[in-house]
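The values are calculated or read from the model by the stated rules, or taken from the named source; none is laboratory data. Because the structure is a prediction, the values reported are computed rather than measured. Ideal geometry is used to build each Cβ from the backbone, glycine not excepted, and the neighbour counts take in all protein chains shown.
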Amino acid sequence: MTRIPPALIRAKRTDRFMTGIITMGGFLIIAAVLGILVFIGREALPLARSGKSRTNPSLQVAPVAGLLADESGKVIGLLRPDSGVECIALPSGTPLATLQDGPVRPWKQATEPSSRGEFAVLDQENKLFFGRLNWEKPSGDPDPTHWTPTVEWNGGMPASMDTLLAVRALPPSGLATQPSYRVLASGKDGLSWTEWSEGALTWKSITIPELQDTTQAIWSADGAHLWAGTRSGNLHFLSMEGEPTLNSSLAFGEPVTALGFVLGQTSLLVGGEQGKLLACQAIKKEDAFLLQWFHQFEKLNGPIRGFKSSLRDKRFLAWSPNHVVVDHLTTENRIFSASAQDTRHASLSARGEFIYAASSTGELRSWSMDAPHPEISAKVLWGKVHYEGYEKPEQVWQSSGGTDDFEPKLSLMPLVFGTLKGTLFAMLFALPLALFGALYTSQFAHPRLKNIIKPAVEIMAALPSVVLGFLAGLVLAPLLEKSAIHVILLPFFALLAACIVAPLWIRMPKGFRLGWGQGRETLWLIPAIFIGLGLCIVLAPSFERIFLGGDFRAWLLAKHSITYDQRNAIVVGFAMGFAVIPIIFSVSEDALSSVPKALTSASLACGASPWQTAWRVVVPTASPGIFSAIMVGLGRAIGETMIVLMATGNTPLMDWSPFNGMRTLAANIAVEAPEAPVHGTLYRVLFLTALLLFALTFLLNTGAEVIRQHLRKRYETF
Amino acid sequence: MTETLNIPPRWRAFIRRGSAMVWLSGAALALSLLMMVGLVGYIAAKGLGFFWPSSIVQVQTSEGPILGEISAQEKAHGTDPAKTQFRVCNRDLFGQDYRWVPSADIQDPQRPADAVLVERLENGPFIGFIQDGSSGETLVLRAVDGQTLEIPRKHIVRIVPSNALGVFGKSRVYASRLWEFVAGDPRESNTEGGVFPAIFGTVMMVLLMSIAVVPLGVVAALFLREYARQGWVIRALRIAVNNLAGVPSIVFGIFGLGFFIYTVGGTLDQIFFSQKLPTPTFGTGGILWASLTLALLTVPVVIVSTEEALSAVPRSQREASLALGATKWQTIWNVVLPGALPGILTGLVLAMARGAGEVAPLMLTGVVKLAPSMPLDASFPFLHLDRKFMHLGFHIYDVGFQSPNSEAAKPMVFMTTLLLLLIVLLLNLAALRLRSRLRARVGGSSF
């Protein structure tokens, strides 16, 4: 038996070890690289998930006249006509405090508290009070038993009211320091309202015949308008500045039983006796208001009793005596639905996470809801949606606005459109130049010339896109603005110059043509292009003066009403085309060069000219390769970020005009991602667009690669 | 019919046999090449010309005298008359650096020999005359409209009496300005001074990226080429890795933001830096995350070129090694990898070139317009991977597009662009040379 030397054993061991390491490492690296797709998908996935809700154990409390939900979901205030405002902890139901100050109990009437927690009370002595519940929370203390509730009472003056309908607090105006309160009431004489401002109470009745059978009424946010719903099924819109006047009306179709606003106080929800639920808005058009129903929701079971809106987004709660639902205004989707017998009052926490409903017997039911992205649906992303303030459904991208109650508009269509538009213009510019350039280089160029051109173009492929973007945005765009007409006319003048050079060339002696021309045509054409450029510079201003009245942009605006943006699609087309030319050139040149010599030789031997051979034999044979070059170029153009970011105004328009800008998917990520809150809706939508870009470019490139491999195999048979 | 269209036979051949089309396709190539050469030439001319001291011209106009460098001239266009743009500087006195004057209004151009351009630390350069240079502390300057200005000498970068300088003197000013640009700190929100922090940031980031990308790429390529069983799975994987190079860089950027910064960085912060929360340490953009993101972006480049190099190592060499009793790993380590080294280097250089030129992913992962401190300095632990950094490409974007005074900043951007372009083109050229040497060696070997 021979002894194995220890060095050999060590070598064997190292070998096994390294095999393991590299196999595992390689596998892990490739998995990690492909894991990018998984991660991006995972970040976008929650958009597709519908909301989840959980029923919490219900509590038994005394009958209430209204619920005041707190943002935390840990406490709730109950309006109790016989004992005041009672605060309890949730979910245990432990009583925290009962606030008995203010109105004399038992109260005669109380309004349904508004979404912001304001309510009006008519007490035993017919005095009118306005209240608002506040929680004092020591900062960072999560224990609700340490929190102190107080009710801020205002008013307290004698008033004679029939049925209290709704209360609205108006922010202090002018010199006033305190908010003023307005309350609406209906009676046998029709509608009346009372205003409490700076300690004084004023009472006004509204004598408009149409409002005789008013069942519900509500003030607009600024107090300048009033909405009233009637038993006869109409919705009236009144101007309240000066003498009340009826502005316009809409037919609802069934007796109106509830009115309420969505966050932002512009969309009015209208609920009917049969459970019909619509949203309405008034759009100011010149001097008049255009009233329209602009969202329609699934019906509820039974007459709708009231609405509460979230204070964070456009979702709202609606309830009927046996049905509690949460819908989202923009998507019209029902996020939450529960049947709850004998529901009298309900409430939604500010963030819309908790839902409470109280029955006539005092049973307090509650649910928690987890719907992180209710504003997203397939229709919002891809279809037309009727947004607040818009006259008709549209596709809009506007992710954020100046105010907290802004309705995000997250349609991807303008971005996809912008991407396609940019790509199209880039391709229009790049394809002819790159493909013909590649054909020339591969078939006709002198080998010495070819050896210079190919690497030069390859290096150009590495040109940083920020450089191209900078040139496009700060040099080309102003230049084009000044001399758009030059650029439009340049191709024609270049052709003209070629027509001048060609006859000269034909007249050259044959020996010169063969010796100096073949394979070097390109070099001879450079002066021709310069001549064309010179002609263009000399003649274009006269052309502009004679045919376009001296100013191309003014002519464009006057004749075709097209506005000219400085950073427009032509600029992007140029710059992005520039970025794409080397790629298309290089890939298609490879394909054209590797067409087997046997084919071209056969064609030439049969008497075909070099061009005939190139056009009829080489191009058709290499066409899959050329196609794959175009696909690779498309992939690059679709994902290009910096050029588009710098060379367009990044306005998400949907307009094919070459003189307008656009916003592409890629540039949109660069613009919005730094500002998008983590795991928010915008953040996830941006990941969705990244996924889209990834998938699109990956498919294009894979397709191109498969075609190329196929082609390589075919050429091998020669 | 044929008589009226009497085409000479030369022409007929020219058109029918397709020579015309050959010329046309030649024209496409000529146009593409011209544009590319023109682009680089334009940037070079604009950037390099900026540092050359130009003459200071004094003219009389109806609105008083103007003293400055002529920066642009525009011909009459439509109803607009011909205009001349002067770089008058003196931002603190006149409110603007540039001024357009109708060319017809210009009279009596002169080049006063005592006119100077004073580069200052604040408010941009000053163009005027030296009123009183006797004090060692301050310098009293007089603008062309008679206003005087006293500035401390330590705020003065250099005084250039452009009209009095000869070619040699101008060259010295040029060299000193160029040195300041490459080695100095930026001033006046990046529109003046140098770009040293941006150069440093770019180099640092590319180096960190290289450290990450080489082992990753080489191990993956070794796995794909030497260890994995070749079959359709590996073929599909190879295509997938290949195509990852074509995925838009911004997608990698948002991946870096979501994964490295928010997921990994956020977790690191909670474990190691919880005392600093809610101020993030690694949970915000930084040079480490930017480099790793770019490493992911460029790893396909390294994989592809390493694989190519591995497959180019002659079979006979491996077989010789194995026949001598070497294990597979010994063969790879001693024979294959050294043979493939130029290919690996080519991949690395290409990756560096790509990495240096990318901006979009950096915008999401940690680049800033003005970094207060460099990622590498004398304070412990010397290398600060969590710091934000400056980058040449982002410098171009920021100064050119976000700067309030973009007209004054334009020449500076051209210079930065030229610098970035040079770096990227030189790296690519190096890769090209490496590759051709590799090919020559493999092709010319006698195995």
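Scanning region A:148-163 for residues being among the hydrophobic types (A, V, I, L, M, F, W, C), modelled with pLDDT of 80 or more and crowded, with 19+ Cβ neighbours inside 10 Å gives a total of 1. Does region B:434-445 contain at least one residue that is facing chain A (nearest Cβ under 9 Å), assigned to a helix (DSSP H, G or I), touching a Ser or Thr at 6+ places or on another chain (Cβ under 7 Å) and at pLDDT 70 or above? No: region B:434-445 contains no residue that is facing chain A (nearest Cβ under 9 Å), assigned to a helix (DSSP H, G or I), touching a Ser or Thr at 6+ places or on another chain (Cβ under 7 Å) and at pLDDT 70 or above. Exactly one residue among B:VAL213, B:VAL218, B:VAL241, B:VAL247 is crowded, with 18+ Cβ neighbours inside 10 Å, under 21 Å from A:PHE687 (Cβ atoms) and either at the interface with another protein chain (Cβ under 10 Å from one of its Cβ atoms) or under 25 Å from the mean Cα position of the chain (by Cα) (or both), and that residue is B:VAL247. Would it be correct to say that B:GLY95 is among the small types (Gly, Ala, Ser), assigned by TED's automatic domain parsing to the domain that holds B:ALA143 and surrounded by fewer than 20 Cβ atoms within 10 Å (Cβ to Cβ)? Judged against the criteria, B:GLY95 is a match. Is there a residue in region A:140-149 that is hydrophobic (A, V, I, L, M, F, W, C) and assigned to a strand (DSSP E or B)? Looking through region A:140-149, none of the residues is hydrophobic (A, V, I, L, M, F, W, C) and assigned to a strand (DSSP E or B).
Listed here are the residues, each with its yes/no results for (1) in contact with a helix residue (DSSP H, G or I) (Cβ under 9 Å, 6 or more places away or on another chain); (2) of a type in the set (A, V, I, L, M); (3) over 23 Å from B:ARG387 (Cα atoms); (4) assigned to a strand (DSSP E or B).
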{"position": "B:LEU149", "(1), (2), (3), (4)": "yes, yes, yes, yes"}
{"position": "B:ILE159", "(1), (2), (3), (4)": "no, yes, yes, yes"}
{"position": "B:PHE181", "(1), (2), (3), (4)": "yes, no, yes, no"}
{"position": "B:GLY201", "(1), (2), (3), (4)": "yes, no, no, no"}
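Cβ-Cβ distances below 7 Å connect the following pairs, each with a first residue in region A:3-25 that is facing another protein chain (nearest Cβ under 8 Å) and surrounded by 11 or more Cβ atoms within 10 Å (Cβ to Cβ), a second residue that is not in a helix (DSSP H, G or I) and not hydrophobic (A, V, I, L, M, F, W, C), and a separation of six or more residues or different chains: A:ALA11/B:THR327; A:LYS12/B:THR327; A:ASP15/B:THR327. In this structure, A:THR522 does not satisfy being more than 44 Å from the chain's Cα centre (by Cα) and either surrounded by fewer than 24 Cβ atoms within 10 Å (Cβ to Cβ) or assigned to a loop (DSSP other than H, G, I, E, B) (or both). Taking region A:447-482, which residues are closer than 21 Å to A:ARG520 by Cβ and more than 9 Å from chain B (Cβ to nearest Cβ)? Those that are closer than 21 Å to A:ARG520 by Cβ and more than 9 Å from chain B (Cβ to nearest Cβ): A:PRO447, A:ARG448, A:LEU449, A:LYS450, A:ASN451, A:ILE452, A:LYS454. Just to be sure, is A:ALA497 in contact (Cβ under 8 Å) with a residue 60 or more places away in the chain, in the same structural domain as A:GLY437 (by TED's automatic domain parsing) and part of a helix (DSSP H, G or I)? Spelling it out, it is not the case that A:ALA497 is in contact (Cβ under 8 Å) with a residue 60 or more places away in the chain, in the same structural domain as A:GLY437 (by TED's automatic domain parsing) and part of a helix (DSSP H, G or I). Name every residue in region A:302-317 that is not in a strand (DSSP E or B) and not polar (S, T, N, Q), in order of residue number. A:GLY302, A:PRO303, A:ILE304, A:ARG305, A:LEU311, A:ARG312, A:ASP313, A:LYS314 - these are the residues of region A:302-317 that are not in a strand (DSSP E or B) and not polar (S, T, N, Q). Those strands (runs of 3 or more DSSP E) of region B:13-114 in which at least 1 residues are hydroxyl-bearing (Ser, Thr, Tyr) and more than 13 Å from chain A (Cβ to nearest Cβ), considering only elements entirely within it, cover B:57-61, B:64-74, B:83-87, B:98-102.
Scan region B:280-303 for residues that are surrounded by fewer than 21 Cβ atoms within 10 Å (Cβ to Cβ) and either in contact with a Lys or Arg (Cβ under 9 Å, 6 or more places away or on another chain) or of a type in the set (Val, Ile, Thr) (or both) and the total you get is 2. Scanning region A:289-302 for residues that are surrounded by 18 or more Cβ atoms within 10 Å (Cβ to Cβ) and more than 13 Å from A:LEU329 (Cα to Cα) gives A:LEU291, A:LEU300. In region A:17-54, which residues are β-branched (Val, Ile, Thr) and either touching a helix residue (DSSP H, G or I) at 6+ places or on another chain (Cβ under 7 Å) or in the same structural domain as A:THR689 (by TED's automatic domain parsing) (or both)? Scanning region A:17-54 gives A:THR19, A:ILE22, A:THR23, A:ILE29, A:ILE30, A:VAL33, A:ILE36, A:ILE40.
Residue-wise test of (1) at pLDDT below 85; (2) surrounded by 15 or more Cβ atoms within 10 Å (Cβ to Cβ); (3) touching a Pro at 6+ places or on another chain (Cβ under 9 Å); (4) of a type outside the set (D, E, K, R).
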residue: B:MET21; (1), (2), (3), (4): yes, yes, no, yes
residue: B:ALA27; (1), (2), (3), (4): yes, yes, no, yes
residue: B:SER32; (1), (2), (3), (4): yes, yes, yes, yes
residue: B:ALA45; (1), (2), (3), (4): no, no, no, yes
residue: B:GLY49; (1), (2), (3), (4): yes, no, yes, yes
residue: B:ILE56; (1), (2), (3), (4): no, yes, yes, yes
residue: B:VAL59; (1), (2), (3), (4): no, yes, yes, yes
residue: B:GLU63; (1), (2), (3), (4): yes, no, no, no
residue: B:LEU67; (1), (2), (3), (4): no, yes, yes, yes
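Considering each residue of region A:424-446, count those that are more than 38 Å from the chain's Cα centre (by Cα) and at the interface with another protein chain (Cβ under 7 Å from one of its Cβ atoms), and give that number. Residues that pass the stated criteria total 6.
Among (1) away from chain B (no Cβ under 14 Å); (2) aliphatic (A, V, I, L, M); (3) in contact (Cβ under 8 Å) with a residue 60 or more places away in the chain, there is one condition A:VAL385 misses while meeting the rest; what is its number? Exception for A:VAL385: condition (3). Take A:SER58 and tell me if it is at pLDDT 85 or above and touching an Asp or Glu at 6+ places or on another chain (Cβ under 6 Å). It is true that A:SER58 is at pLDDT 85 or above and touching an Asp or Glu at 6+ places or on another chain (Cβ under 6 Å). Filtered by the rule that a residue be of a type in the set (Gly, Ala, Ser), closer than 27 Å to B:LEU224 by Cα and buried (at least 24 other Cβ atoms within 10 Å of the Cβ), region B:332-366 gives B:ALA340, B:GLY343, B:GLY347, B:ALA351, B:ALA353, B:GLY355. Can you find, within region B:151-206, the residue that is surrounded by the most Cβ atoms within 10 Å (Cβ to Cβ) among those that are basic (Lys, Arg) and more than 18 Å from B:ALA408 (Cα to Cα)? Restricting to residues being basic (Lys, Arg) and more than 18 Å from B:ALA408 (Cα to Cα), the top hit is B:LYS170. For region B:273-282, the count of residues that are of a type outside the set (A, V, I, L, M) and in contact (Cβ under 8 Å) with a residue 40 or more places away in the chain is nonzero.
Those strands (runs of 3 or more DSSP E) of region A:259-301 in which 3 or more residues are under 27 Å from the mean Cα position of the chain (by Cα) occupy A:277-285, A:288-297.
Set side by side, the residues B:ALA326, B:ALA340, B:ALA356 differ, and just one is at pLDDT below 90, within 10 Å of chain A (Cβ to nearest Cβ) and either more than 22 Å from B:HIS395 (Cα to Cα) or in contact with a Phe, Trp or Tyr (Cβ under 6 Å, 6 or more places away or on another chain) (or both), which is B:ALA326. Of everything in region A:549-569 that is surrounded by fewer than 24 Cβ atoms within 10 Å (Cβ to Cβ), more than 11 Å from chain B (Cβ to nearest Cβ) and among the aliphatic types (A, V, I, L, M), the residue that is nearest to the chain's Cα centre (by Cα) is A:ILE562.
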